[in-house]
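Novice: My questions all concern the structure below.
The values are calculated or read from the model by the stated rules, or taken from the named source; none is laboratory data. All figures in this text were calculated on a predicted structure; none of them were measured in a lab. Counting neighbours? That spans all protein chains shown, and the Cβs are built from the backbone with ideal geometry, glycine included. Side chains are part of the model used for accessible areas, which takes the heavy atoms of the whole protein and leaves out ligands, DNA and RNA. Shrake-Rupley method; radii C 1.70, N 1.55, O 1.52, S 1.80 Å.
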Amino acid sequence: MPPYRSKVRVLEKYQIIGFISSGTYGRVYKARSRTPGNKKEFAIKKFKPDKEGEVIQYTGISQSACREMALCSELSHENVIHLHEIILEDKCIYMVFEYAEHDLLQIIHYHSQNPDRRPIPETTVKSVLWQLLNGVSYLHQNWVLHRDLKPANIMVTAAGEVKIGDLGLARLFYKPIQSLYTGDKVVVTIWYRAPELLLGSKHYTTAIDTWAVGCIFAELLALRPIFKGEEAKMEKKSTVPFQRNQMQKIIEILGTPTPERWPDVRQNPEYHQLSSFKQYGDNLKAWYQQIGQTNPQGYDLLAGLLNYDPTQRLSAQQALEHPYFHEGAKLSLNAFEGQTFEYPHRRVTQEDNDISLPGTKRSGLPDDSIAGNRAKRLKEG
Amino acid sequence: MAANYWSSSQRLHWQMSREKLAEIRHNLDAQDEKAVQAYPLPSYRQLSIFFNSRTACPSQLIRLGRRMQVRQQALATAQLYVRRFYTKVPIRDTNPFLVMATCLYLALKMEECPQHIRIVVSEARSCFSDIMPAYPEKLAECEFYVISELNSYLIVHHPYRTLQELTPILNLTSEDNSTSWQVINDSCVTDLPLIYPPHIIALTAIFLSVVLKSSPSQTSLHTTAAAAAAAAAAVATNPVANVPAIPANTGGDFNGGGASTNLSGNGQGQQQNRVGRLIEWYAESKVDMEAIIDCTQEIISLYEVWESLPPQAEKVFKEQLCKMVKQRGIS
């Protein structure tokens with residue numbers, strides 16, 4: 001067949017403003033439409049070709065890229081990042097998303113770095129959490145598990161709308177042909193990983209996403225991750241190590257997971273590991289007070305999302321109906337409503353904004369060299 | 001979306017009327033009339049059988065799928081990708097064997113049972129011979145082509161799910177279920193997945209499997225189906241009317257086995273009761289009976305074309321396609 005040619009060319013249609021970030025998947029650029037009269041901004045995610053070499057060849061698109069393309073094309077919800085188009089050009093995949101000025105990691109960072117550590121206003125926390133749950137609920141109703149919810153993946157537009165992003169790990173869970181466990185063994189950034197996954201459960205349910213939402217809620221309140229474990233590295237490729245330190249962090253705050261609190265806990269493959277942990281009581285309330293929180297409904301919601309037992313953990317839909325959202329000031333769909341300050345805009349760099357270059361990672365680029373907490377956290381998180 | 005057919009890309013972007021589909025194909029042919037004249041190919045329906053069918057003419061895609069022990073659902077997805085692709089691209093501009101292998105490779109990823117590209121290529125070569133390019137890069141390049149023409153809408157809804165959901169509700173026997181399953185497989189050989197929603201196809205398959213069994217002594221599928229269609233039409237136009245009896249005569253049955261040995265009823269009367277109850281249920285559920293009749297006719301005429309294909313058809317089709325691919329230099 002004649003060589004494949006894209007009908008649309010990225011650079012003819014979009015002007016690249018700068019480089020935003022990079023990850024294992026590839027790189028993200030900020031761009032502006034060249035369409036006269038509609039100079040909207042976009043974030044263009046360029047997938048890295050599988051093999052990097054001097055001459056890039058077609059190698060077959062990775063399964064996760066296929067999933068992300070298919071799911072993003074199918075999804076349509078105000079709290080899930082909107083895919084504008086996909087361009088397949090010159091052996092590369094470009095996914096063009098709506099642009100979001102902020103993300104939760106950046107917002108949390110802004111507050112935690114602030115000299116007086118001013119907390120995120122409660123109206124903002126409520127609005128962000130409600131919109132996040134609303135998006136997660138939509139995903140779950142459509143049989144989509146996100147599997148990698150974390151602050152860096154939750155975008156917020158300049159208008160204060162929350163947009164769940166990065167569906168690179170997302171999967172449909174309707175009667176899967178293979179167990180969801182096979183394929184990609186490790187899912188969800190360790191700090192947001194649900195206890196059943198840490199204990200080796202092979203049954204992925206929507207509860208793994210709501211656990212992550214609970215962790216994000218806690219982080220919005222505390223301005224630091226609630227369970228900041230250290231990741232045990234894989235020694236052999238075939239075996240997934242038990243994440244002892246992460247489990248320890250959870251147990252220190254939530255207490256030992258007993259069969260009284262979690263009837264099926266013994267069913268987990270790594271249950272035996274728990275016997276070697278020191279016994280703890282439930283310290284979540286103390287933690288909540290210690291970070292300066294006083295709203296009892298907030299505590300109740302947090303405890304519901306961080307329930308050890310995945311079958312009792314609040315679903316996204318249940319959480320949306322929680323009194324926390326329905327007391328006090330009216331919930332706003334603009335997370336920034338009433339704020340007297342403005343968050344800094346997303347950092348966009350000019351040094352490396354040539355989107356047409358091959359997706360090879362070169363040293364000395366901003367993504368490798370941003371000094372300090374954020375870059376480190378991006379890597380770990 | 002993914003769980004909901006009504007807001008799916010399949011319904012919003014990939015469902016069309018029969019007339020629209022005919023027009024699309026006419027326009028594709030008109031794009032290069034010279035090629036159409038120079039390279040006569042089997043009709044769309046015949047090609048469809050050649051690409052997809054299960055028995056009469058052991059088809060290419062299914063043969064490849066069987067060889068690789070692919071799950072039926074992934075195969076159905078691949079079949080629908082091929083069908084969608086050829087509503088966008090003139091077949092004479094492509095190497096259909098490469099397109100089939102590519103659609104299967106992509107479907108396997110989307111249905112969560114991926115196979116390595118090299119395996120797909122080598123299996124496709126053993127299946128299709130050297131008309132299939134040997135280099136994985138060709139298939140990977142074709143994948144860009146396919147995804148691009150499909151507008152990245154890769155999540156598809158199949159009738160199997162509706163069948164599974166309705167099996168307990170309609171008290172279908174395991175035999176009904178497997179016959180329906182087969183009819184759904186056969187529907188993938190037709191244009192129905194482009195024209196009708198998956199639940200309509202599932203309801204048609206159930207309807208056919210129950211109705212055809214109710215007349216164990218049928219001589220021709222066509223007569224039975226016509227009778228069934230008449231029965232359905234009667235209900236559609238007048239839901240309170242009594243369900244007409246389905247003629248019961250002599251001869252073979254749908255599946256080659258003894259149809260009267262069904263699990264739910266031993267007698268003919270009981271079986272006809274089941275048909276009656278099924279039609280009543282359809283009427284109460286406001287099922288679009290016109291659509292069911294149309295689908296029934298499509299499936300029946302597929303079986304007729306199948307039966308009428310001469311044994312050498314496969315060879316002839318393949319030669320025509322290979323000649324076209326080679327002479328046009330589009331391997």
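Novice: Which residues, counting only those in region B:130-165, are surrounded by fewer than 19 Cβ atoms within 10 Å (Cβ to Cβ) and without any contact (Cβ under 8 Å) to a residue 12 or more places away in the chain?
Specialist: Residues satisfying the conditions are B:Asp130, B:Glu137, B:Gln164, B:Glu165.
Novice: On to the next question. Would you mind finding the one in A:Glu101, A:Glu68 that is under 30 Å from A:Val136 (Cα atoms), in contact with a His (Cβ under 7 Å, 6 or more places away or on another chain) and acidic (Asp, Glu)?
Specialist: Residue meeting the stated conditions: A:Glu101.
Novice: Does region A:280-289 contain at least one residue that is open to solvent by 60 Å² or more (accessible area, probe 1.4 Å), at pLDDT 95 or above, of a type in the set (Lys, Arg) and assigned by TED's automatic domain parsing to the domain that holds A:Ala212?
Specialist: yes
Novice: I need a count of the residues in region A:288-310 that are outside any helix (DSSP H, G or I) and aliphatic (A, V, I, L, M).
Specialist: Counting residues in region A:288-310 that are outside any helix (DSSP H, G or I) and aliphatic (A, V, I, L, M) gives 2.
Novice: Continuing with this model, one more query. Can you give me the number of residues within region B:116-153 that are more than 12 Å from chain A (Cβ to nearest Cβ) and basic (Lys, Arg)?
Specialist: The total comes to 1.
Novice: Taking the condition of being open to solvent by less than 60 Å² (accessible area, probe 1.4 Å) and among the charged types (D, E, K, R), how many residues in region A:290-319 meet it?
Specialist: 2
Novice: Here's something else I'd like to know. State which residue is least open to solvent (accessible area, probe 1.4 Å) when the search covers only region B:1-49 and only residues that are outside any helix (DSSP H, G or I) and closer than 21 Å to B:Phe97 by Cα.
Specialist: Within region B:1-49, the match that is least open to solvent (accessible area, probe 1.4 Å) is B:Pro42.
Novice: Report whether or not A:Phe336 is over 21 Å from the mean Cα position of the chain (by Cα) and open to solvent by less than 40 Å² (accessible area, probe 1.4 Å).
Specialist: So A:Phe336 fails the test.
Novice: For region A:123-136, give me each residue that is over 13 Å from A:Leu221 (Cβ atoms) and open to solvent by less than 10 Å² (accessible area, probe 1.4 Å).
Specialist: Residues satisfying the conditions are A:Ser127, A:Gln131, A:Leu132, A:Leu133, A:Gly135, A:Val136.
Novice: Scan (1) within 14 Å of chain B (Cβ to nearest Cβ); (2) open to solvent by less than 50 Å² (accessible area, probe 1.4 Å); (3) modelled with pLDDT of 95 or more for the single condition A:Glu68 breaks and write down its number.
Specialist: Tallying (1) within 14 Å of chain B (Cβ to nearest Cβ); (2) open to solvent by less than 50 Å² (accessible area, probe 1.4 Å); (3) modelled with pLDDT of 95 or more, A:Glu68 fails exactly one: (3).
Novice: Of the conditions (1) closer than 17 Å to B:Ile147 by Cα; (2) open to solvent by 70 Å² or more (accessible area, probe 1.4 Å), A:Lys40 fails just one. Which one is it?
Specialist: Against the list (1) closer than 17 Å to B:Ile147 by Cα; (2) open to solvent by 70 Å² or more (accessible area, probe 1.4 Å), A:Lys40 comes up short only on (1).
Novice: Let me ask something else about it. Please determine whether any residue of region A:191-209 is closer than 19 Å to A:Gln289 by Cβ and touching a helix residue (DSSP H, G or I) at 6+ places or on another chain (Cβ under 8 Å).
Specialist: Taking every residue of region A:191-209 in turn, none turns out to be closer than 19 Å to A:Gln289 by Cβ and touching a helix residue (DSSP H, G or I) at 6+ places or on another chain (Cβ under 8 Å).
Novice: Here is a list of conditions, (1) within 22 Å of A:Gly60 (Cβ to Cβ); (2) touching a helix residue (DSSP H, G or I) at 6+ places or on another chain (Cβ under 7 Å), and B:Gln69 meets all of them except one; can you say which number that is?
Specialist: Every listed condition holds for B:Gln69 apart from (2).
Novice: Moving to a separate point now. Does A:His84 satisfy being open to solvent by 20 Å² or more (accessible area, probe 1.4 Å) and within 14 Å of another protein chain (Cβ to nearest Cβ)?
Specialist: yes
Novice: Looking only at region A:56-65, how many residues end up being more than 7 Å from every other protein chain (Cβ to nearest Cβ), outside any helix (DSSP H, G or I) and not polar (S, T, N, Q)?
Specialist: Final tally of qualifying residues: 1.
Novice: Another question, if that's okay. Please specify each residue of region A:15-26 satisfying the condition of being part of a strand (DSSP E or B) and touching a helix residue (DSSP H, G or I) at 6+ places or on another chain (Cβ under 8 Å).
Specialist: A:Phe19, A:Ser21, A:Ser22
Novice: In addition: Within region B:92-126, how many residues turn out to be open to solvent by 10 Å² or more (accessible area, probe 1.4 Å) and either in contact (Cβ under 8 Å) with a residue 40 or more places away in the chain or not hydroxyl-bearing (Ser, Thr, Tyr) (or both)?
Specialist: The number of residues fulfilling the criteria is 15.
Novice: Checking A:Tyr25 against (1) free of Cβ contacts under 8 Å to residues at least 40 places away in the same chain; (2) open to solvent by less than 70 Å² (accessible area, probe 1.4 Å); (3) away from chain B (no Cβ under 14 Å); (4) closer than 24 Å to B:Glu149 by Cα, which single condition isn't satisfied?
Specialist: Every listed condition holds for A:Tyr25 apart from (1).
Novice: Okay, next question. Could you check how many residues of region A:1-22 are within 14 Å of another protein chain (Cβ to nearest Cβ), open to solvent by less than 30 Å² (accessible area, probe 1.4 Å) and either in contact with a strand residue (DSSP E or B) (Cβ under 9 Å, 6 or more places away or on another chain) or among the hydroxyl-bearing types (Ser, Thr, Tyr) (or both)?
Specialist: Qualifying residue count, region A:1-22: 3.
Novice: Answer yes or no: is there a residue in region A:97-116 that is over 26 Å from A:Ala159 (Cβ atoms) and out of contact with any helix residue (DSSP H, G or I) (no Cβ under 6 Å at 6 or more places or on another chain).
Specialist: yes
Novice: Another question, if that's okay. Using the structure shown, decide if A:Tyr94 is among the hydroxyl-bearing types (Ser, Thr, Tyr) and assigned to a strand (DSSP E or B).
Specialist: So A:Tyr94 fits the description; yes.
Novice: Looking at region B:275-290, which of its residues are in a helix (DSSP H, G or I), open to solvent by 100 Å² or more (accessible area, probe 1.4 Å) and not acidic (Asp, Glu)?
Specialist: B:Arg277
Novice: Within 14 Å of another protein chain (Cβ to nearest Cβ), open to solvent by 10 Å² or more (accessible area, probe 1.4 Å) and not hydrophobic (A, V, I, L, M, F, W, C) - does that describe any residue in region A:99-122?
Specialist: no
Novice: From the list A:Gly281, A:Gly298, A:Gly255, which one is touching a residue at least 24 places away in the same chain (Cβ under 8 Å) and within 30 Å of A:Asp116 (Cβ to Cβ)?
Specialist: Unique residue meeting the criteria: A:Gly298.
Novice: Can you name the number of the only condition in (1) more than 8 Å from chain A (Cβ to nearest Cβ); (2) closer than 30 Å to B:Ser17 by Cα that B:Lys109 fails?
Specialist: Among (1) more than 8 Å from chain A (Cβ to nearest Cβ); (2) closer than 30 Å to B:Ser17 by Cα, the lone unmet condition for B:Lys109 is (1).
Novice: Regarding region A:316-324, can at least one residue be identified that is of a type in the set (A, V, I, L, M) and at pLDDT below 95?
Specialist: Looking for residues that are of a type in the set (A, V, I, L, M) and at pLDDT below 95, one finds none in region A:316-324, hence no.
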